[in-house]
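Trainee: Dropping a structure here in structure tokens format, bear with me for questions.
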Amino acid sequence: MPPAPMTAAAPPDPAPVPEGFYPRRFGGSGFVATNGPFYIRKLDGGGVQLGFRVEPRHCNPMGILHGGMMATFCDMLLPISAHYLSPALARRFLPTIQLQVDYLGASPLGAWVQGEAQLLRHTRSLVFMQGLASADGDTVARVSGIFKIGRAFDDSADFGAARFAAGTPEPPAG
């Protein structure tokens, strides 16, 4: 009889979300909302960090973060960061043209994964970004991406520029 497949069990007591991170809304349904919750923390100088706790549903059969989930996280990290790093990009839809993820290490079940990105350049039609993601302080992914500068979007929708969960105060600026 073949061995039973490995499944990821929930950690006994998930650690709290690190200080300064606030829930980040992506609408009530859809791919991104389904894969959360995600959290955001504003940084001095205008940037942000994006993060999430690795849950069993994010894991592969070995109990570590699935590479597709890391790619999804990185594909959100870069354009969300661009919204904060450049006023010209703040309310623009930034669909992905190219995304390169280098997987440098594993993110185990229960780990806090967070990332920070840099805006390398933007032209009239393209945005060039890079970033790093870590799991519990260890660098686990390097990412770069190119994004098309799309139409302006209405920030009253439940997606786009960061929207904090109802009842949660917006983090202080700077």
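Trainee: Sorting check: for 93-101, 17-25, 49-57, which peptide has the highest mean count of neighbouring beta carbons within 10 Å, and how do the rest follow?
Mentor: Taking the mean over residues of other Cβ atoms within 10 Å, the ranking is 49-57, 17-25, 93-101.
Trainee: Enter the accessible area per residue of the range 64-159 (Å², integer; probe 1.4 Å; all protein chains in place).
Mentor: Roughly 49 Å² per residue, with all protein chains present.
Trainee: Full-extension gain between Thr96 and Ala71, please, as 0.36 nm times their residue separation minus the C-alpha to C-alpha distance.
Mentor: Stretched fully, the Thr96-Ala71 segment lengthens by 7.8 nm.
The values are calculated or read from the model by the stated rules, or taken from the named source; none is laboratory data. Keep in mind that what you see is a predicted model, and the values were worked out from it rather than measured. Backbone-built Cβ (ideal geometry, glycine too); neighbour counts: all protein chains shown. Just the protein is used for accessible areas: all its heavy atoms, side chains included, with ligands, DNA and RNA removed. Shrake-Rupley method; radii C 1.70, N 1.55, O 1.52, S 1.80 Å.
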